[in-house]
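Reading through the structure tokens given below for one structure.
The values are calculated or read from the model by the stated rules, or taken from the named source; none is laboratory data. It should be emphasised that the depicted structure is a prediction, and the values quoted were computed from it without experimental measurement. Cβ placement follows ideal geometry from the backbone for every residue including glycine, while neighbour counts extend to all protein chains displayed.
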2 protein chains.
Amino acid sequence: MTTSTKTRSYGEARGRLLDAALHVIRSRGYAAATVDDICREAGVTKGAFFHHFKSKEDLAVAAAAHFASFADAIFSAAPYRALPDPVDRVLGYVALRKAILMGELPEFTCLLGTMVQEAYETHPVIREACDRYISEHAAFVEQDIAAAMAARGIESDWSAGSLALYTQAVLQGAFILAKAKHGPAVAADCLDHLHRYLDLLFNGQARPAPAPLEGPP
Amino acid sequence: MTTSTKTRSYGEARGRLLDAALHVIRSRGYAAATVDDICREAGVTKGAFFHHFKSKEDLAVAAAAHFASFADAIFSAAPYRALPDPVDRVLGYVALRKAILMGELPEFTCLLGTMVQEAYETHPVIREACDRYISEHAAFVEQDIAAAMAARGIESDWSAGSLALYTQAVLQGAFILAKAKHGPAVAADCLDHLHRYLDLLFNGQARPAPAPLEGPP
DNA sequence: GAACAAAAACCAACCGGTTGGTACTTTCTT
DNA sequence: AAGAAAGTACCAACCGGTTGGTTTTTGTTC
């Protein structure tokens with residue numbers, strides 16, 4: 001490729017806009033995030049914005065997809081995935097989510113939950129996008145849950161799907177409390193309770209949540 | 001009193017604005033809810049708005065208080081409060097919350113959770129108000145939880161306060177999922193899981209195979 | 001020099017907030 | 001008890017700044 005480095009960034013405006021949208025929307029919400037804000041954060045002009053996205057709503061949908069694929073990459077590649085016991089993988093998922101709570105608030109918060117709360121009535125397209133990606137992630141967790149149920153021979157009046165969605169609800173709620181209290185401590189406590197619930201369901205006893213693991217092979 | 005009934009409504013604009021704010025903000029979010037929207041919904045002019053509230057932010061704080069006292073009235077007077085066993089009261093609380101999920105989406109949703117998600121960074125006053133009222137409600141639930149722990153002689157590594165906040169997190173998360181999926185069914189499932197967790201903690205029932213630790217007094 | 005990407009200037013609609021005035025209630029005075 | 005005075009509740013029109021979005025112009029790549 002004869003990629004000249006004369007201009008420091010040519011052809012990467014779209015990606016920068018997506019990243020900027022992620023940050024701005026997560027800290028200010030969708031409606032309060034102006035297109036100018038996002039352009040400023042991305043270091044890009046408005047013309048570039050409307051060259052890549054046909055509307056603010058369009059960007060929101062694209063940002064949802066961007067966020068989802070980013071999350072997907074993280075969790076698919078996480079060390080806990082290698083654990084042999086599916087129950088350990090379910091608990092490992094919660095442990096990893098707890099570990100992620102370390103950073104700044106707008107960085108561990110969920111874009112999908114933030115957007116859908118504002119847009120569910122007024123922007124059906126955004127609602128659908130958020131629903132799809134949340135459900136996809138829940139389905140990802142559901143796999144391990146279903147395997148865990150099979151491994152423990154659990155017959156219950158609840159489904160693997162409903163439990164997977166429940167984990168997502170706890171996460172979303174934990175984020176809201178973290179925002180209200182301006183810190184991740186509450187959220188961590190909530191994940192401990194979720195961990196305890198899962199442990200009770202699958203192991204019949206609540207063991208202390210392990211420290212976020214180093215990756216075994 | 002010579003109260004003339006000539007004018008159908010005099011002196012109730014403030015209350016109508018608060019109710020309107022509740023409805024509009026819950027369906028559109030704080031930032032997207034314009035002052036004009038709220039005035040239209042209340043059937044009141046903008047002049048009246050700024051006579052009673054010095055800014056939109058000021059209204060938000062008042063609406064939070066309004067919502068909180070409304071909720072407080074409901075839960076304080078609920079029949080489940082009369083149950084003698086504190087554990088039943090804790091479970092009764094969850095059952096009542098599930099029953100409330102029947103109505104339209106913007107009617108069972110939590111104003112505090114909705115607002116704090118958008119405003120936590122940009123409107124500290126709103127954040128504080130939401131935090132306070134959420135925490136107060138959690139403290140209300142905490143009373144029964146603490147009594148339930150005492151009644152069952154539970155010694156644990158979790159506190160009554162953290163469990164109370166956890167119930168609120170589950171509720172907030174359930175609302176988000178309900179918005180994403182455009183219906184209360186998911187939220188009901190989440191409350192079932194919460195109910196099961198509390199039942200496991202306090203009654204130890206539905207416990208799978210391995211007999212676990214009995215809590216000696 | 002096509003074709004595409006990005007910048008800059010621009011616009012109509014809209015938003016939160018203000019103004020100055022009117023209707024209604026209460027309180028004070030007599 | 002009448003009525004003036006004061007205070008409160010409300011209204012309609014308006015304002016300056018901002019918003020999402022467009023159009024025109026400049027630059028880059030093949």
Residue list for segment B:9-21, filter: assigned to a loop (DSSP other than H, G, I, E, B) and either among the small types (G, A, S) or modelled with pLDDT under 50 (or both): B:S9, B:G11
Selection status of A:L171, at the interface with another protein chain (Cβ under 8 Å from one of its Cβ atoms) and closer than 14 Å to B:K181 by Cα: no
Residues located in segment A:104-144, provided they are without any contact (Cβ under 8 Å) to a residue 24 or more places away in the chain, of a type outside the set (D, E, K, R) and outside any helix (DSSP H, G or I): A:Y120, A:T122
Residues located in segment B:145-171, provided they are among the acidic types (D, E) and either free of Cβ contacts under 8 Å to residues at least 24 places away in the same chain or under 27 Å from B:A188 (Cβ atoms) (or both): B:D157
Single match in A:A65, A:A60 (criterion: more than 30 Å from A:A150 (Cβ to Cβ), of a type in the set (A, V, I, L, M), away from DNA strand C (no atom under 15 Å from the Cβ) and within 14 Å of another protein chain (Cβ to nearest Cβ)): A:A60
Residue check, A:R81 out of contact with any strand residue (DSSP E or B) (no Cβ under 6 Å at 6 or more places or on another chain), facing chain B (nearest Cβ under 8 Å) and over 23 Å from B:A169 (Cβ atoms): no
Condition broken by B:S76, with the remaining ones in (1) within 16 Å of DNA strand D (Cβ to nearest atom); (2) at pLDDT 95 or above satisfied: (1)
